[in-house]
Amino acid sequence: MTKIIKNDPFLDIVNVRDTMDRMLDNYFGRSPVAFEGYGVVDLDLYQTDNDVVVEASIPGIDPEDINISVAGEVLTIKGEVKQEKETKEADYHIKERRYGSFSRSITLPTQIVAEKAAADFKNGILKLTLPKAEDVKPKTITVKVI
């Protein structure tokens, strides 16, 4: 039995992109967004009715070494994980911990009020709570019965 397969050029483009993404993931280690010396800053970004929340995994950093800025709708997290004293007399078999500076910029999904932002750091997780601007918060309209 002969099977007819319809050619989809868009699917071919998607397959090429997926292949390139996997190749870059393998080369840079998990993500094509690698940073000088440190590696990748993994994060989650979500919204509630009132806030935009960003949670970033930055293990091994002193909270005083984190710099957070907002310019327009772009949030930037910068910092440096400092290397502890390396033992020169030892022969390392595995050395995977990453040290160095990092910077991660993301576009926020909506306007926020940077002056009212809060940042907490616990167990290597940086949590930013960014209040939404009043004009982008959902509004409730009450219907009056006449």
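The values are calculated or read from the model by the stated rules, or taken from the named source; none is laboratory data. Everything quoted here is computed from the prediction, not taken from an experiment. Every residue, glycine as well, gets a Cβ built from its backbone with ideal geometry; the counts of neighbours run over all protein chains shown.
Annotations
- Among the residues of segment 75-109, just one is under 16 Å from V136 (Cβ atoms) and either exposed (fewer than 13 other Cβ atoms within 10 Å of the Cβ) or free of Cβ contacts under 8 Å to residues at least 12 places away in the same chain (or both), namely T107.
- Segment 44-74, subset assigned to a strand (DSSP E or B) and exposed (fewer than 13 other Cβ atoms within 10 Å of the Cβ), residue nearest to the chain's Cα centre (by Cα): D44
- In this entry, R104 passes the filter for residues that are of a type in the set (K, R) and in contact with a strand residue (DSSP E or B) (Cβ under 7 Å, 6 or more places away or on another chain).
- Some residue of segment 11-23 being at pLDDT below 90 and touching a strand residue (DSSP E or B) at 6+ places or on another chain (Cβ under 6 Å): no
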